[in-house]
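J.: Here it is: the structure, laid out below.
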Amino acid sequence: EGRFVEQIHPGDHRLHWTESDQRDVLGTPYRYVRPDGAIVWLRDHVVQEHNDRRPIVRGVTIDVTTTRSQEIQLVQHQEIVQRMAATTLVLAPGPMADQRIVHVVDSIHLGVAGSEGRTFSEVFPDLAQDGEVMTAIANPAGVERIGPVRLIDAVERFVELEVFPISDDGTAVLISDVTDRELAERTIRRQAHYDDLTGLPNRVTFMELLGRRSQSGEPTAVLLIDLNRFKEVNDTLGHLSGDAFLRALGSRMQQLATKWQCSVARLGGDEFAFVLPFGDRSEVVALTEAVLAECREPVEILGSGVASGASIGVALSPDDALTPEALLRCADLAMYEAKTNRRGVRWFDPTLDRRSDDIDTLRRLPAAMSDGELVMYFQPAVSLRSGRVTGCEALVRWQHPTRGLLTPVAFLDLIGVAGLSNQLTSIAIEQATAAMVALGPDIVVSLNLNAHELRSPDLIAQFGRAIERHGVNPRKLLVEITEEHLLDPTGVVAATMHELAALGVWIAVDDFGTGYSSLTHLRSLPLSHLKIDRQFVTGVIEEEHDAVIVRAVTDLAHNLGLRVTAEGVETAEIAAELARIGCDYGQGYLWSQPVPLDELLTSELFAKRTAISG
């Protein structure tokens, strides 16, 4: 006994039989190390009998190695099956409709545990409706994989099946839950074809639809819609409000598409597009009018009504173009023409191809700003009494990578169309205040703003940050606003001008004499300068009426305590006459055209500079 016990595996000593009160004991299998080092499984069966003198113990130790190995394999197999994301069924042989389940391991919780004895059709009525599934179960040929198949349980589920024959003509069915994978793939497919924000078809789906109609040769109208003031909504109210605005407009567009029995998509940003079967021009006209009306109708955002308006370009297939890409380009050209000229709707015609340079320019503008292609040139202003430089006006130029230097005539209106006015203002403020450091403390630098830019809620903060960053004197900074932009019934422009004046910035009325401002504006606004428009200055010698106007404006300005600059001075004779009339400063090609800052700093004219007195 002692030697036997020593050979029991150290981890199983407690499993070997010891004295017990029970008469018949069938012990737990334990490991025994044979002299040759092999491990076998043994089990003790002990019977105790008692006579008058002492107990008698009889027992036998049984080698259960083979049985124990089979038990361990079975347990391991069951554990593996239970860890799988699959429900395992074993079906008994029988007709297709009467194949009964004889074994179930429900690892994915389909609610079929304990279904032994029931038929497959009773337990899975959804799957029983699938002919491919039932045929495979009735006559499995090797391993057959089926699915995904949709199950309707408490929630929607998707499963895949593996069906294969087992011994005695039975059938095994493994049902795997692939719901997460299927829903993820469904989401990916939807994202590839639909816009997340509005739920409308996206550009990919739109072009596919357009392609099908083009291939069929069906007459088609494309309406390309761009919201006019969406960027202002985003900048003023924030991107969350902008998203809410687009969702509301997207819903309205979908309702119109349903009413007109056509398709609508969101192409990106604030662009939408309709594809409408074209048979009657009046029907397209009616749809464009309905779209414009919906875009003018305010959307409730943060307790306020917000409207944008829209510009629409219309192109027809096959009249204007045959391919989807060409048709969309035609609608694009028409839309930008409508947007540039504020026409609301424009139908494509061949003359618009000549406007493609403007379209290319418009699309290049955002990159031009981010790449530093928009730069400020500086045109000096000269004292008409001393002939010395006292200030300079910062004027934007575009150093285009292929077209060379562009003046504002080529792109300034397009900046407003693209909704990039605020970005241009940031560039102008930064470059103007940086130039003040190089120009020195005696030179006044002026820059132009329009009413839209003056309504920007961040404008005063932009000036404040730039002045502080460069450490310049705000009394040497002049903001010019054209006379026509003084007419602002909201009062926002006037309020901003007062805030600028409080910051120390001077304010001038530019192009005075061409607008419709009243003397009330000159009295109520915090102005320091008037700039007489060049159309009066160029005729000051030869046209008596121009001379009278220049003289009257100069006297009026001086009586109001304002200084006067004459623009467009091109000859010494005109400069002399302006000085005789009493104008304070002149600006024009007589002295210099707008030039880069470094060229101005090294010019002979700049060497004669002096400070503005007072």
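J.: Please specify each residue of segment 315-351 satisfying the condition of being of a type in the set (V, I, T) and more than 21 Å from E218 (Cβ to Cβ).
T.: T340, V345, T351
J.: Also, quick follow-up: Considering only residues that are of a type in the set (S, T, N, Q) and more than 26 Å from the chain's Cα centre (by Cα), look in segment 392-429 and name the one that is nearest to A466 (Cα to Cα).
T.: Looking at residues that are of a type in the set (S, T, N, Q) and more than 26 Å from the chain's Cα centre (by Cα), I get Q399.
J.: Can you find, within segment 542-586, the residue that is most open to solvent (accessible area, probe 1.4 Å) among those that are among the charged types (D, E, K, R) and assigned to a loop (DSSP other than H, G, I, E, B)?
T.: Applying the filter and picking the extreme gives E542.
J.: Has segment 41-52 got any residue that is in a loop (DSSP other than H, G, I, E, B), at pLDDT 65 or above and not aliphatic (A, V, I, L, M)? Before you say what the answer is, go through the steps one by one.
T.: Applying the first criterion (in a loop (DSSP other than H, G, I, E, B)) to segment 41-52 yields 51-52.
Cutting the leftovers down to at pLDDT 65 or above gives us none.
No, because not a single residue in segment 41-52 is in a loop (DSSP other than H, G, I, E, B), at pLDDT 65 or above and not aliphatic (A, V, I, L, M).
J.: Mind listing whichever residues of segment 154-174 are modelled with pLDDT of 80 or more and within 41 Å of the chain's Cα centre (by Cα)?
T.: R157, F158, V159, E160, L161, listed by residue number.
J.: A further question follows. Restricting attention to segment 138-154, does a residue exist that is open to solvent by 20 Å² or more (accessible area, probe 1.4 Å), aliphatic (A, V, I, L, M) and part of a strand (DSSP E or B)?
T.: Scanning segment 138-154, I find at least one residue that is open to solvent by 20 Å² or more (accessible area, probe 1.4 Å), aliphatic (A, V, I, L, M) and part of a strand (DSSP E or B), so the answer is yes.
J.: Please name all residue pairs, on different chains or six or more residues apart, with Cβ atoms under 6 Å, provided the first residue is in segment 595-609 and is in contact (Cβ under 8 Å) with a residue 24 or more places away in the chain and the second residue is of a type in the set (V, I, T) and open to solvent by less than 60 Å² (accessible area, probe 1.4 Å).
T.: L605/V389; F606/V389; R609/V389
J.: Does L454 satisfy being in contact (Cβ under 8 Å) with a residue 60 or more places away in the chain and not basic (K, R)?
T.: So L454 fails the test.
J.: Further, regarding this structure: Please go through segment 299-317 and give me each residue that is open to solvent by 40 Å² or more (accessible area, probe 1.4 Å) and either on the phi > 0 side of the Ramachandran plot or at pLDDT 90 or above (or both), ordered by number.
T.: Across segment 299-317, the qualifying residues are L302, G303.
J.: Restricting attention to segment 250-269, report how many residues are buried (at least 17 other Cβ atoms within 10 Å of the Cβ), among the basic types (K, R) and over 16 Å from H193 (Cβ atoms).
T.: The total comes to 1.
J.: What are the residues in segment 476-492 that are modelled with pLDDT of 85 or more, aliphatic (A, V, I, L, M) and touching a helix residue (DSSP H, G or I) at 6+ places or on another chain (Cβ under 8 Å), if any? Break it down stepwise before answering.
T.: Within segment 476-492, the first condition is being modelled with pLDDT of 85 or more, and the residues that meet it are 476-481.
Those still in the list that are aliphatic (A, V, I, L, M) too: 477-479, 481.
Those that are modelled with pLDDT of 85 or more, aliphatic (A, V, I, L, M) and touching a helix residue (DSSP H, G or I) at 6+ places or on another chain (Cβ under 8 Å): L477, V479, I481.
J.: Being farther than 23 Å from K531 by Cβ and not aromatic (F, W, Y) narrows it down to one residue among R475, R469, R455; which is it?
T.: Exactly one residue qualifies, and that residue is R469.
J.: Still on this structure, please answer the following. Given the residues L210, L197, which is the only one that is crowded, with 19+ Cβ neighbours inside 10 Å, under 23 Å from Q254 (Cβ atoms) and under 32 Å from the mean Cα position of the chain (by Cα)?
T.: Details: L197 fails: crowded, with 19+ Cβ neighbours inside 10 Å.
Answer to the check: L210.
J.: Identify, by number, the condition in (1) acidic (D, E); (2) assigned to a helix (DSSP H, G or I); (3) on the phi > 0 side of the Ramachandran plot that D511 doesn't meet.
T.: (2)
J.: Could you give every pair whose Cβ atoms fall below 7 Å, whose first residue belongs to segment 421-437 and is closer than 21 Å to P380 by Cβ and in contact (Cβ under 8 Å) with a residue 24 or more places away in the chain, and whose second residue is among the small types (G, A, S) and outside any helix (DSSP H, G or I), counting only separations of at least 6 or pairs across chains?
T.: Short answer, once both residue conditions are applied: A428/A394; Q431/A394; A432/A394; A435/A394.
J.: Still on this structure, I have one more. What residue, among those in segment 374-407 that are outside any strand (DSSP E or B), touching a helix residue (DSSP H, G or I) at 6+ places or on another chain (Cβ under 9 Å) and without any contact (Cβ under 8 Å) to a residue 40 or more places away in the chain, is least open to solvent (accessible area, probe 1.4 Å)?
T.: Per the stated criteria, the residue is P401.
J.: Select, from E570, E604, E543, the only residue that is over 30 Å from V375 (Cα atoms) and modelled with pLDDT under 95.
T.: Exactly one residue qualifies, and that residue is E543.
J.: Among the listed residues R186, R247, which satisfies the condition of being open to solvent by 50 Å² or more (accessible area, probe 1.4 Å), modelled with pLDDT of 90 or more and among the basic types (K, R)?
T.: R247
Residue-by-condition table, conditions (1) within 22 Å of E208 (Cβ to Cβ); (2) touching a Phe, Trp or Tyr at 6+ places or on another chain (Cβ under 9 Å):
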| site | (1), (2) |
| --- | --- |
| Q255 | no, no |
| S263 | yes, yes |
| L276 | yes, yes |
| E283 | no, yes |
| A286 | no, yes |
| V291 | no, yes |
| L302 | no, no |
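The values are calculated or read from the model by the stated rules, or taken from the named source; none is laboratory data. Quantities reported herein were computed from a predicted structural model and do not represent experimental measurements. When we count neighbours, we look across all protein chains shown, and the Cβ atoms used for this are built from the backbone with ideal geometry, even at glycine. Each accessible area value is taken on the protein alone, full model and side chains, heavy atoms only, with ligands, DNA and RNA left out. Shrake-Rupley method; radii C 1.70, N 1.55, O 1.52, S 1.80 Å.
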